[in-house]
Structures are given as C-alpha cells and as structure tokens.
Amino acid sequence: MRKHISIPIRPLDHQPSLGVVIKRLSDIAELRSQETEQSHRHDFHGFLVIEKGTVDLEIDFQRYRLEPSQILYIHPNQIHRTIDFNNTKLFFLGVTAENITPEHLNVLEEIVPAKPITIERGDFIVLTEALSLSSLLFERKQDKMYPSFMIHSANLIVALLTSHYMKQVATVNSPTRFNIIAKAFALLLEKKFMTHKRPAEYAEMLNISLVYLNECIKNTTGFSITHQIHLRIVLEAKRMLYHSNKSVKEIAIALGYDDHAYFSRLFTKVAGMTALAFRKLNRD
C-alpha cells in the first residue's frame, strides 16, 4: 500500500512571482511527470483548451476524457491527476486568485464543479487565436509593461472561457427563482458543510422557509437538501480516505461527527460501499 500523508498542493511553475502562465503545449514530457505521479491540488485556477489528441484525467474520483474543441476549468479546491496524454496539443492557462477580477472570480465559483464542455467551431477558433497571441506575449518577459498586459490577457481569456460555461448552463437552466436559490445554496454548502449539517440551518441563512428551499433543491437537482449535504460530506471523506492515513473515526470527527458509527453508515449509504472498502479499492 502506498503511503499517503497529505494532499500535495502544486504551485505555478515558470512565473510564480507573476501568478500567470499561458502556454501552448505539445511536448508534454515535463507536464506528464508532475501531473500524473500523484493526485494533487493547485494553488491557482487552471484551464485546459484541447486542440488535438486526448487527455484522460480524474477530478474528485470522476474520470473524464478531454477531446479536441473541449475546455475544462479546474478549481483550486479540486483534487485531480492526469492519467494519460495521447498525441496531445493544448493550451494551458494558470492564474492565481489575486490576479483575477472579483467579477470573474464570482462567476468561477458559480460554475464549480465544472465538467468538460465542447465549444462550437467558430467560437473555438476565436478562443485559440486569443490564447495563441497571449502565449506569445507570455514569452516577452523583457517588455516593460509585461506584468500588466499578462494580467489583462489572463482576465480576457478567463472571461472568454467562463462565458462559454455560462452559455451552456443558461441553455440547460433558465434563470428561474428555483435556480437562483439552488445556486446560492450550493455556494453556501461549499463554505459551511463542515460545521452545518441540518437543512434548516441553510434555510435560515438564506432567509427562506425550509419547505421552499427543499422544493427549490428537488426541482433543480432531483434530490433533497439532506442528500446534497451528505454528498458533499462524503466527497470530503473520500478525499481524506485516499490522501491521509487517518482512521474512519478520525475522519468522522474531522467532519463534525462524534458518532463515528453513524458516519460509517452514512458513508456506506451514499457511496455504496464502506469507507475502508473505498480506501482499499482506490489505493490498490
């Protein structure tokens, strides 16, 4: 069994002091070693834009295959690893939170967890041309206004990428009252799930009735508030099971459960297997 102590947090290479990297990658031998050896988080917001070939990766225990004309956003909180590259040519944008405008940061929080999406050909050409120019500018480190135009370039690319995510979300979900409340609940849950386990607490924080909140969540997700809370807790438990040597009891306590037997039953119900079975399956 491999030894797991903590979840590695990988910083930006190339320009750590600037906090922005925009590169076109085709020879990915260097990227392969650091991205595939172990699951990790980044201390920045990451974006992949696939021009050619495929990339197989895993994000929070879900596997995806990225194909040409697809984009993917990876939030700093998400644990991920790249499984394989196949004849791949891609653009990579990495940018730290302090270099992203508050408006764009708010949008990024709204689209988490993001899945790969496919961009229409015309839009993809515009996107890759903008990235191509930005990647050329990234190499011009001698220019006097270099930090300024790189940060502006990064925000332009972030705006283009998030607009495609928002467009696809809008096609699926019209901005109804139910959707607005469901998104507010999701953002609140991400911040509070470690300390707040009861649906009534979320209704109170959102200043609406529990009955109405439950109606909103069921209408938009098909599941109850309780189920959404449990899903988020179990995801965090999976991360701890894989990336630490804590016992199930220690994980239960870390997640706010004094009764570790109850927590074990909850994990089994949501995950479809015991916590120890999950650890064994994913570590072997």
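Quick grid of which residues meet (1) in contact (Cβ under 8 Å) with a residue 60 or more places away in the chain; (2) in contact with a Pro (Cβ under 9 Å, 6 or more places away or on another chain):
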{"site": "LEU210", "(1), (2)": "no, yes"}
{"site": "ILE229", "(1), (2)": "no, yes"}
{"site": "GLU250", "(1), (2)": "no, no"}
{"site": "LEU255", "(1), (2)": "yes, no"}
{"site": "LEU266", "(1), (2)": "no, no"}
{"site": "ALA271", "(1), (2)": "no, no"}
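With the requirement that a residue be in a loop (DSSP other than H, G, I, E, B), modelled with pLDDT under 90 and more than 15 Å from TYR165 (Cβ to Cβ), what does region 42-82 give you?
Correct list: ASP43, ASP60, PHE61, PRO76, ASN77, ILE79.
Looking at region 165-178, is at least one residue touching a residue at least 60 places away in the same chain (Cβ under 8 Å) and under 19 Å from the mean Cα position of the chain (by Cα)?
Checking region 165-178: at least one residue is touching a residue at least 60 places away in the same chain (Cβ under 8 Å) and under 19 Å from the mean Cα position of the chain (by Cα).
Of the residues that sit in region 262-284 and are of a type in the set (Ser, Thr, Tyr) and closer than 14 Å to SER247 by Cβ, which one is surrounded by the most Cβ atoms within 10 Å (Cβ to Cβ)?
SER264
Condition check: farther than 29 Å from ILE180 by Cα and modelled with pLDDT under 95. Does GLN38 satisfy that?
Criteria met by GLN38.
Would you mind stating whether ALA237 is more than 23 Å from LEU108 (Cβ to Cβ) and modelled with pLDDT of 95 or more?
No: the conditions fail for ALA237.
Can you find, within region 247-284, the residue that is nearest to the chain's Cα centre (by Cα) among those that are among the small types (Gly, Ala, Ser) and closer than 17 Å to LEU235 by Cβ?
Within region 247-284, the match that is nearest to the chain's Cα centre (by Cα) is ALA271.
Please enumerate the residues belonging to region 213-223 that are without any contact (Cβ under 8 Å) to a residue 12 or more places away in the chain and not charged (D, E, K, R).
Passing the criteria: GLY222, PHE223.
Can you work out which of the residues in region 185-207 that are among the aliphatic types (A, V, I, L, M) and either within 20 Å of the chain's Cα centre (by Cα) or crowded, with 18+ Cβ neighbours inside 10 Å (or both) is farthest from TYR262 (Cα to Cα)?
This residue is LEU187.
Out of the residues in region 189-198 meeting the condition of being in a helix (DSSP H, G or I) and more than 16 Å from THR220 (Cα to Cα), tell me which one is modelled with the highest pLDDT.
Residue satisfying both the conditions and the ranking: LYS192.
Just to be sure I understand the filter: pairs with C-beta atoms under 8 Å, separated by 6 or more residues or on different chains, first member in region 93-114 and under 19 Å from SER135 (Cα atoms), second member surrounded by 14 or more Cβ atoms within 10 Å (Cβ to Cβ) and of a type in the set (Phe, Trp, Tyr). Which pairs pass?
LEU93/PHE47; GLY94/PHE44; GLY94/PHE47; VAL95/PHE44; THR96/PHE44
What is the number of the single condition among (1) at pLDDT below 95; (2) under 24 Å from THR226 (Cβ atoms); (3) not acidic (Asp, Glu) that ASN245 does not meet?
(2)
The values are calculated or read from the model by the stated rules, or taken from the named source; none is laboratory data. Keep in mind the model is a prediction, meaning the values are calculated, not measured. So basically every Cβ, Gly included, is an ideal-geometry build from the backbone, and we count neighbours across all protein chains shown.
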